[in-house]
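Notes for the one structure printed next.
The values are calculated or read from the model by the stated rules, or taken from the named source; none is laboratory data. Keep in mind the model is a prediction, meaning the values are calculated, not measured. Here the Cβ positions follow ideal geometry from the backbone for every residue, glycine too, while neighbour counts run over all protein chains shown. Surface areas here come from the heavy atoms of the whole protein model, side chains and all, with no ligands, DNA or RNA. Shrake-Rupley method; radii C 1.70, N 1.55, O 1.52, S 1.80 Å.
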Amino acid sequence: MTDWIGTVFESDVGWTHLERLVDVGNRMAGSEGEREAAELTRDELADVGVRDARLESFEIQGWTRGESAIMAGDTTQDCIALPRSPSGRVDAPLIDLGYGLPEDFAETDVQDAIVMVRSDVPNYFDRYIHRREKYHHAAEHGAAGFLYRNHVEGCLPPTGSVGWKEDPIGPIPALGVSNEVGARLARRFDSQSIAISVEADSHPAQSQNVRAELGPDTEERVLVTSHVDAHDISEGALDNGAGTAMVVELANALADREDELETCVEFVVFGAEEVGLVGSTRYAERADHRAIKAVVNNDGVVSDRTLSIVTHGFDALEETATVVADRYDHPIETVPRVGPHSDHWPFAKWGVPGCHVKSMSDDAGRGWGHTFADTIEKLEPRTLSEQAILLTAYVVELARDEVTVEHREPAAIAADLESQGLAEGMRITGDWPYDG
């Protein structure tokens, strides 16, 4: 029977929850807003009929921004601090290092300078370089300050956390600047002395995960996940209010189909994703990995009408997506690569079947994400409904007894990271989880 499809398409549960999330305001990890958003999500999950909706709190390193500034010549330039930047002022020469590739740092003396790098990489380069890796190179080569220039036009300074694995607060002040401000600084002040300053408060804080269940009380379970925190400079609609709204919509749909579930489905909305996958890491470290049949992680959904599922080499996750796409004659892109970012990764890195569900995109980078422009009017209720239909079917299929999702050996995941050019950057930033 397909009556449920019309019910899901007509539902406004997820979209209404998205509106509530973006209206909270600041959902930065460890903030009161993040906790309010988690409580709203817990209550909404309970209202749609899941069982034992609850919060689980944990300690994190909190960070609250103050004032930031760039003074160049007799001008001041718009900027924002990058989360987990230390406070401080630096007066030093500016060095525009372009893309900030590893060889750029090796070939240029940046000792005691303020280094500016772009947020993208050139087309000819063989791998993506994460913001934290560029920050690490700057600090390791003796830079005194770090400017992260958005490659996306529109006067949008980017945000995104820096810091070390061992010490969450980074060693040098770090700021985001727009593409346009970066161009102006490079044109007028390259090799000249400028000043940057960051005011920020680092303090102990609490975050929380939201958990709830549906279906039979089996030991094995399918996790349907997202993260509720967002960067404090925007509504966080795309990243990741939409993902949490999707979890709520799927819970609502699956509650009506609970008798069809053959495996327990657990909904987990993580906290503190944007500052190092803290909530999901905490959960994964305490979980029985063998009891997790699959992780369906929603982060970046709804921004485009076509779903894209990064399957990390788990064949059954790709095959099930193809079954659903064929059944409903609706495209789902599958990407059989490894993606070591977002809340599936603390599971997938140890061979637990995990996929990253997002929207297909032609943009090389985050687009509106991590900027002031991450706002709800860029999303459509229609897309949320369409994707919820496909993902409801996807979760029901994965929960079927006859669908086997084989775990992978961690060594195979590590080999994929090596072959896809991701291992080098992870070793540099301290994120490589394997021996050797």
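Against the list (1) at pLDDT 95 or above; (2) farther than 25 Å from PRO336 by Cα; (3) of a type outside the set (Asp, Glu), the condition ARG257 fails is (1). Can you tell me which residues in region 258-274 are within 22 Å of LEU18 (Cβ to Cβ) and open to solvent by 10 Å² or more (accessible area, probe 1.4 Å)? Of everything in region 258-274, those that are within 22 Å of LEU18 (Cβ to Cβ) and open to solvent by 10 Å² or more (accessible area, probe 1.4 Å) turn out to be GLU273, GLU274. ARG127 satisfies every condition listed in (1) under 26 Å from the mean Cα position of the chain (by Cα); (2) open to solvent by 40 Å² or more (accessible area, probe 1.4 Å); (3) of a type in the set (D, E, K, R); (4) farther than 26 Å from ILE233 by Cβ except (2). With respect to the stated conditions, ALA212 is within 23 Å of the chain's Cα centre (by Cα) and either farther than 30 Å from PRO86 by Cα or of a type in the set (Phe, Trp, Tyr) (or both). Before we move on, is THR322 surrounded by 15 or more Cβ atoms within 10 Å (Cβ to Cβ) and among the hydroxyl-bearing types (Ser, Thr, Tyr)? In short, no. For region 376-388, the count of residues that are open to solvent by less than 50 Å² (accessible area, probe 1.4 Å) and farther than 25 Å from VAL248 by Cα is zero. Of all the criteria given as (1) surrounded by 19 or more Cβ atoms within 10 Å (Cβ to Cβ); (2) under 27 Å from ASP167 (Cα atoms), the one not satisfied by GLU424 is (1). The C-beta contact set for region 1-21 (first residue closer than 15 Å to TYR328 by Cβ, second residue loosely packed, with under 14 Cβ neighbours inside 10 Å, distance under 9 angstrom, 6+ apart or interchain) comprises PHE9/ARG382. The residues in region 111-124 that are more than 30 Å from the chain's Cα centre (by Cα) and surrounded by 14 or more Cβ atoms within 10 Å (Cβ to Cβ) can be counted, and the count is 1.
Filtering region 68-106 to residues that are under 30 Å from the mean Cα position of the chain (by Cα), under 14 Å from ILE196 (Cβ atoms) and either of a type in the set (Lys, Arg) or part of a loop (DSSP other than H, G, I, E, B) (or both) leaves ASP78, CYS79, LEU82, SER85, PRO86, SER87, ARG89.
Considering only region 175-197, state which residues are small (Gly, Ala, Ser) and more than 20 Å from the chain's Cα centre (by Cα). Across region 175-197, the qualifying residues are SER178, GLY182, ALA183, ALA186, SER191, SER193, ALA195, SER197.
How many residues, within region 237-252, are open to solvent by 10 Å² or more (accessible area, probe 1.4 Å) and either in contact with a helix residue (DSSP H, G or I) (Cβ under 8 Å, 6 or more places away or on another chain) or hydrophobic (A, V, I, L, M, F, W, C) (or both)? Looking only at that region, the number is 2.
Being surrounded by fewer than 20 Cβ atoms within 10 Å (Cβ to Cβ), at pLDDT 95 or above and either touching a Leu at 6+ places or on another chain (Cβ under 6 Å) or hydrophobic (A, V, I, L, M, F, W, C) (or both) is a property that holds for ALA69.
Test GLY215 against the stated conditions and say whether it is on the phi > 0 side of the Ramachandran plot, open to solvent by less than 40 Å² (accessible area, probe 1.4 Å) and not charged (D, E, K, R). So GLY215 passes the test.
Looking across region 144-158, the residues that are open to solvent by 10 Å² or more (accessible area, probe 1.4 Å) and among the small types (Gly, Ala, Ser) come down to ALA144, GLY154. Hey, any hits in region 283-306 for a residue that's open to solvent by 20 Å² or more (accessible area, probe 1.4 Å), touching a residue at least 60 places away in the same chain (Cβ under 8 Å), more than 22 Å from SER207 (Cβ to Cβ) and under 16 Å from the mean Cα position of the chain (by Cα)? Yes: one or more hits.
Taken together, SER280, SER308 contain a single residue that is farther than 20 Å from ALA393 by Cβ and hydroxyl-bearing (Ser, Thr, Tyr), which is SER280.
At least 1 residues being in contact with a strand residue (DSSP E or B) (Cβ under 6 Å, 6 or more places away or on another chain) and not small (Gly, Ala, Ser) is the threshold, and among the helices (runs of 4 or more DSSP H) wholly inside region 338-431 those reaching it are 345-348, 381-398.
Against the condition among the charged types (D, E, K, R) and either in a strand (DSSP E or B) or modelled with pLDDT of 95 or more (or both), how does ASP109 come out, does it pass? Spelling it out, ASP109 is indeed among the charged types (D, E, K, R) and either in a strand (DSSP E or B) or modelled with pLDDT of 95 or more (or both). Looking across region 389-410 at every residue that is under 13 Å from GLU319 (Cα atoms) and of a type in the set (Asp, Glu), the one that is least open to solvent (accessible area, probe 1.4 Å) is identified as GLU397.
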